[in-house]
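Written below as structure tokens is the structure these notes are about.
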Amino acid sequence: MPRKRFGQHFLVEQEVIDRIHRVIAIRESDVVLEIGPGRGALTAGLFNSTKKLSAVEIDRDLAADLRARFPAACFIQDDVLNISNESFRNKRIVGNLPYNISTSLLLRLVSLNDFIDMHLMLQKEVVDRMTAQPCTKRWGRLSVKVQRCWEIFRHFDVEASAFKPQPKVTSSFVRIVPLRDPVFVRDEYIFDNVLKSAFGQRRKKLANSLQQFDIEWEELGISQSKRADQLGVEDYVAISNSVVQ
């Protein structure tokens, strides 16, 4: 039985599974990390393509079943939020992410830019925010953080009927590739605090929402009468870098 506390929605539609494998195109030499393999809908195809496969599964019973089915693969029974950054490095990452941790995991991984690529199933609403543009209602902290470091390709949407139990939302399958030269941020902590303050009060002018920071607006060439959703990635980087100086 799926366990609600783990946010489990198992992918069951074979047409979608086959389409995902065609998009990912795993090669024998690829080193792959699967996040949340569940009942192994994607695992079998991944294992058939490469034996350099490891996976993180929080559910003890599912992890035990997967170890029995794929003894040559490495299965880690743990919460993916607990595993070390080293586990992601130089790997191709594949995952049908539990919706209750997707944003938290993305915000953690955004500072880790030495994976090869990620193919993830996410809530469509999360992908809409990741790919949003300034001056739109979905443009926010997540948009700025991921677009500073990653290029995001939305491949296709997946209806709830492809999962069991069915989620209450539509999903999207995306590819994420690290940018070779992400916009330089002097201090990630201050950058994140600037974003939290600006978008936490997104209806206020920046002069008010960012008043706790010492910002020389004229020197930056940014109008303090604008609101949070009117600035782009480079604007927020410039503001946070000026605060650090």
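The values are calculated or read from the model by the stated rules, or taken from the named source; none is laboratory data. Here the structure is a predicted model, which is why all the values come from computation and not from measurement. Reconstructed Cβ throughout: ideal geometry from the backbone, glycine too, with neighbour counts over all protein chains shown.
A compact table of results
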item	result
Filter result for residue 207 (in a loop (DSSP other than H, G, I, E, B) and among the hydrophobic types (A, V, I, L, M, F, W, C))	no
Every residue from segment 25-62 that is part of a helix (DSSP H, G or I) and buried (at least 19 other Cβ atoms within 10 Å of the Cβ)	43, 46, 47, 62
Residue tally, condition exposed (fewer than 13 other Cβ atoms within 10 Å of the Cβ) and either assigned to a loop (DSSP other than H, G, I, E, B) or at pLDDT 95 or above (or both), over segment 220-244	3
Close pairs (7 angstrom Cβ cut-off, 6 or more residues apart or separate chains): under 17 Å from residue 170 (Cβ atoms) in segment 6-27, polar (S, T, N, Q) and in a strand (DSSP E or B) anywhere	11/96
Residue ranges of helices (runs of 4 or more DSSP H) in segment 75-184 with at least 1 members polar (S, T, N, Q) and either in the same structural domain as residue 231 (by TED's automatic domain parsing) or within 24 Å of residue 39 (Cβ to Cβ) (or both)	102-109
Filtered residues of segment 53-95 (kept if more than 18 Å from residue 176 (Cβ to Cβ) and among the basic types (Lys, Arg))	60, 67, 69
